[in-house]
Amino acid sequence: MKKIDITISVQEYDKTEELNPEDRSLLERAKNAIGSAYAPYSAYRVGAAVLLENGEIITGNNQENVAYPSGLCAERVALFYAASQFPDVPVKAIAITAKANGFVIETPVTPCGSCRQVMAETENRFKNKMKLVMMGEKGKVQVIDGVENILPLMFHAEKLKK
Ligand code: THU
């Protein structure tokens, strides 16, 4: 037996002013997208903004359902819409943020496992790593280059090949 340690890389910024203009405005678009979230069950409203390599920005927000699993996270709403409108354009970055009822989200909103898997598919499909820019309602901003950092040991399409 040998033990393997896997390290991930996260950049942390104390405030949005420290971000480069592109990341900062993408995060602002994600924040604005919160306004159209439909989250009557969790009261946790999430906004996501996807920057494509052609400069287009597609936003999304969580869309819940009384049959809970039928709802969808903000990240996948944005990523699937982006892919449906621009099927040939790689994703450069995604920004994620949220607002809750009754408490202030003070730590970055990090995507759920299913959204990470969809991000992995997107990266693999276009052979293009994406940047993740994540923030709560206030507090620090975390930036990650490439889904590998939040989905170590991911399942690769190559593994399907005989
Ligand atoms: N949610 C997102 O939209 N994105 C995340 O990264 C975390 C969770 C949504 C799903 C559900 O509508 C609500 O937030 C509470 O889990």
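The values are calculated or read from the model by the stated rules, or taken from the named source; none is laboratory data. Predicted, not measured: the structure shown is a model, and the values here were computed from it. For neighbour counting, all protein chains shown are included, and Cβ atoms are generated from backbone atoms with ideal geometry for every residue, glycine included. All accessible areas refer to the heavy atoms of the entire protein, side chains included, with ligands and DNA or RNA removed. Shrake-Rupley method; radii C 1.70, N 1.55, O 1.52, S 1.80 Å.
Annotations
- Test for Lys92: is it open to solvent by 60 Å² or more (accessible area, probe 1.4 Å), in contact (Cβ under 8 Å) with a residue 40 or more places away in the chain, over 13 Å from Lys31 (Cα atoms) and of a type outside the set (A, V, I, L, M): yes
- Taken over region 55-73, the criterion of being in a strand (DSSP E or B) and open to solvent by 10 Å² or more (accessible area, probe 1.4 Å) is satisfied by Ile57, Ile58, Thr59, Asn61, Gln63, Leu72.
- Of all residues making up region 119-148, the number that are assigned to a helix (DSSP H, G or I), open to solvent by 30 Å² or more (accessible area, probe 1.4 Å) and either in contact with a Phe, Trp or Tyr (Cβ under 9 Å, 6 or more places away or on another chain) or more than 24 Å from Pro87 (Cα to Cα) (or both): 0
- Taken together, the residues in region 55-96 that are more than 9 Å from the ligand (Cβ to nearest atom) and under 15 Å from the mean Cα position of the chain (by Cα) amount to 15.
- Residue in region 47-54 that is assigned to a helix (DSSP H, G or I) and under 14 Å from the mean Cα position of the chain (by Cα) present: no
- Count - residues of region 11-53 that are open to solvent by 70 Å² or more (accessible area, probe 1.4 Å) and small (Gly, Ala, Ser): 1
- For the condition touching a strand residue (DSSP E or B) at 6+ places or on another chain (Cβ under 7 Å) and within 13 Å of the ligand (Cβ to nearest atom), Ile150 qualifies.
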